[in-house]
Amino acid sequence: MALLEIKKAGDPILKEICKPVEKIDKRFRNFLDDMAETMYASDGVGIAAPQVGVAIRACVINVDKKTRYDLINPVITKREGTVIGNEGCLSCPNLFGDVERAEKIRIEYTSRFGKKKILEADGLLGRCIQHELDHLDGKLFIDIAKNITKERNKEGEQ
Ligand code: CO
């Protein structure tokens, strides 16, 4: 496995609409593992492929240090409620902001072994999924946050 370079806000790849993943093979799974290793090394809870310079629809998430989700071609199929919480991003070091997200979502995605999956999520996982899926459409949280601070708002959700 290898650590990948994390692209920072201002890099044009972070504004791209990413392309669907077409081929899921061992090489691609290795790429997902490299993304995960890069995320863990930076103490992140989620990372999207464009953040490491590849404009494809894939992200890796692990919000509880137990369950890792590799989401390939994910699509939100249901949204319920709204909730505001504090977010940060590996591409925007030392910036935090309150962002309104759906309280609960359902997504459809393809697993790292090519299986179709459905996942319902709320709380930190739901927030993180919405944040990472925004990356796949060229959106950063700093563009939609209600406020930007240099310290995390401890009262907000991570
Ligand atoms: Co991010």
The size of the Cβ-based charge dipole (Lys, Arg +1; Asp, Glu -1) of the chain about the Cα centre, to the nearest 20 debye, is 500 debye
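Multiplying the sequence separation of residue 79 and residue 8 by 0.36 nm and subtracting their Cα-Cα distance, what value in nm do you get?
Numbers: separation 71, 0.36 × 71 = 25.56 nm, distance 2.91 nm.
This chain segment gains 22.7 nm when fully extended.
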Taking 0.36 nm per residue of separation between residue 23 and residue 108 and subtracting their Cα-Cα distance, the length gained on full extension comes to 28.8 nm
Taking GluC sites (Glu not before Pro) in a DSSP loop with at most 11 other Cβ atoms within 10 angstrom as exposed, one finds the longest site-free stretch of the chain at 23-150
By the rule of another cysteine's Cβ lying under 4.7 Å, the cysteines of the chain that fail to get a partner are 18, 59, 128
For the chain, averaging the sequence separation of alpha carbon pairs under 8 Å that lie six or more residues apart and dividing by its residue count, the contact order in percent is 25 percent
For the stretch 34-106 the translational diffusion coefficient, Stokes-Einstein from a Kirkwood Rh over Cα pairs at 4 °C and viscosity 1.567 mPa s, in µm²/s, is roughly 96 µm²/s
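Report the Rg/Rh value for the stretch 66-158, based on alpha-carbon coordinates and the Kirkwood definition of Rh.
On the way: Rg = 13.5 Å, Rh = 13.8 Å.
Rounded to two decimals, Rg over Rh is 0.98.
Given a 1.4 Å probe, how much area per residue of the chain is accessible, in Å²? Kindly include the intermediate steps, with their values, before the conclusion.
Working: 8540 Å² over 158 residues.
So the chain comes to 54 Å² accessible per residue, rounded to a whole number.
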Measure of exposure for residue 42: accessible area at 1.4 Å probe, Å² rounded to 10, is 50 Å²
Between the alpha carbon centres of the stretch 6-48 and the stretch 72-124 the gap in Å comes to 15 Å
Expressed as a percent, the accessible surface of the stretch 26-97 that is carbon or sulfur, using a 1.4 Å probe and the full set of protein chains, is 49 percent
Counting every C-alpha pair in the chain, the percent lying more than 29 Å apart is 10 percent
The size of the Cβ-based charge dipole (Lys, Arg +1; Asp, Glu -1) of the stretch 25-94 about the Cα centre, to the nearest 20 debye, is 240 debye
Reported to the nearest 10 Å², residue 31 has, with a 1.4 Å probe, an accessible area equal to 40 Å²
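The values are calculated or read from the model by the stated rules, or taken from the named source; none is laboratory data. What you are looking at is a predicted structure, and each value in this text was computed from that prediction instead of being measured. Because the Cβ atoms are built from the backbone with ideal geometry, glycine has one as well, and the counts that use them run over all protein chains shown. Each accessible area value is taken on the protein alone, full model and side chains, heavy atoms only, with ligands, DNA and RNA left out. Shrake-Rupley method; radii C 1.70, N 1.55, O 1.52, S 1.80 Å.
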